[in-house]
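What follows is a set of notes on a single structure, which appears directly below.
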Amino acid sequence: MSNILISGIKGFVGSNLSSYLKNNKYVVSGLGRKQPDQNLKDYSGFTWDDLSLIKEKEFCAIIHLAGKAHDLKKTANDNEYFKVNTDLTKLLFDLFLQSEIKDFIYFSSVKAVADEVDGILKEDVTPSPYTPYGQSKLQAESYLLSQSLPAGKRLFIIRPCMIHGPGNKGNLNLLYNVVKKGIPYPLAGFKNQRSFLSIHNLNFIIEKIISDQDIDGGIYNVADDEALSTNDVIKIIAEADGKEARLWKINSRIIKTFASIGDKLGLPLNSERLRKLTESYVVSNNKIKLALRIKNLPTSSREGLLTTIKSFHSS
């Protein structure tokens, strides 16, 4: 049996993962708030009102991607995070426990345990999220782990770091626009190291988990093999665009003052975005590689970023 159910299938990760699994001969169905456009080909869709029907279907795995993402503008209602990220996860996991489905793969986040990292983040860290987003993800994790798992079933809690790939927008696109316009990058004075996750590596990992029943369930951080500095990323963007990287080392206190003004005026550079661009956040992927019995993921950090950045040229 190779039928997979993916919640959040229309999002960036869901659409990429769905295509990857279909190319690997899996049959993929989606779970969403409403039925998708009927023009979509080879799509079998369910809504959250169809959970009783899902339990009767023969799926080998549920991949739970649906959730409310971290809001950088801080305009979201805190309760909405828990309603979507926590309560929907409980609902779907309860169905999984009552069904014949073997695997439940929950997409949590590294932010469920740490908003800031001192050193290298591993799976055994004591969770201490301070945002509603991270707290809602952690509450969902806690519920999953508190339930008795029947024999023959596996639970995977996946904690990805920043995911990127063709078609993905976000902080990488912001940096790309800075380089493309020839604007010097003014944050070069900040020294950091960050982990990234190519959608290609993520797809590879999830397919291997599903296809290999010898892999033990558990909590797994997911990241590319190498961490990069933001200055490294700027250089990769410039290379992809055929330009010379322009890095300015402006006093960090001046930059922080400007970001605080951005908080009040709604400018692209605010304190939250500045922190995301300049903080160090290194994630260990050793545990997942040991579970998969591999030394390296198929796509390097640099290769993955080049592919993502080049996709911006036509967007």
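Some values worked out for this structure:
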{"quantity": "Kyte-Doolittle mean at least 0.0, axial Cα span of 30 Å or more - DSSP H helices of the chain", "calculated": "none"}
{"quantity": "Contour minus Cα-Cα distance for Asn77 and Lys57 (0.36 nm per residue)", "calculated": "3.7 nm"}
{"quantity": "Sulfur and carbon atoms: percent of accessible area, the range 183-315 [1.4 Å]", "calculated": "52"}
{"quantity": "Under-5 Å amide H pairs with Leu297, H placed in peptide plane, nonlocal only", "calculated": "Asp225"}
{"quantity": "For Ile219, distant residues with modelled amide H under 5 Å away", "calculated": "Ile157"}
{"quantity": "Zone residues, the range 284-315, relative to Glu239, backbone N less than 16 Å from point 7 Å out along Cα-to-Cβ", "calculated": "299-311"}
{"quantity": "The chain: calculated mean residue ellipticity at 222 nm from DSSP helix runs of at least 4, using -39500 (n - 2.57)", "calculated": "-11500 deg cm²/dmol"}
{"quantity": "Sites Ile250 and Asp118 - FRET efficiency at Förster radius 25 Å, r taken between beta-carbons, to 0.05", "calculated": "0.50"}
{"quantity": "Distance in nm between pseudo-label sites at Asp212 and Asn296 (7 Å out along the Cβ direction from Cα)", "calculated": "1.7"}
{"quantity": "Given charges at Cβ of Lys, Arg, Asp, Glu: the chain dipole, positive-most of Ile206, Asn270, Ile157", "calculated": "Asn270"}
{"quantity": "Solvent-accessible area per residue for the chain (1.4 angstrom probe, square angstrom)", "calculated": "49"}
{"quantity": "Label-point separation, Asn286 to Lys90 (7 Å along Cα→Cβ), nm", "calculated": "3.6"}
{"quantity": "The range 173-249: chymotrypsin sites (Phe, Trp or Tyr not before Pro) in DSSP coil with no more than 12 other Cβ atoms inside 10 Å", "calculated": "Trp248"}
{"quantity": "Answer label for Rg and Dmax of the Cα atoms in Å (calculated), chosen among [x] 19.8, 66; [y] 26.2, 92; [z] 20.0, 61", "calculated": "[z]"}
{"quantity": "Percent antiparallel among DSSP beta bridges (both partners in the chain, rounded to 5)", "calculated": "5"}
{"quantity": "Separation between Cα centres of the range 107-128 and the range 236-315, rounded to whole Å", "calculated": "18"}
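The values are calculated or read from the model by the stated rules, or taken from the named source; none is laboratory data. Owing to the predicted nature of the structure, the values given are computational and were not obtained by experimental measurement. With ideal geometry, Cβ positions are generated from the backbone for all residues, glycine too; neighbour counts draw on all protein chains shown. Protein only, heavy atoms only, side chains kept; ligands, DNA and RNA dropped before computing areas. Shrake-Rupley method; radii C 1.70, N 1.55, O 1.52, S 1.80 Å.
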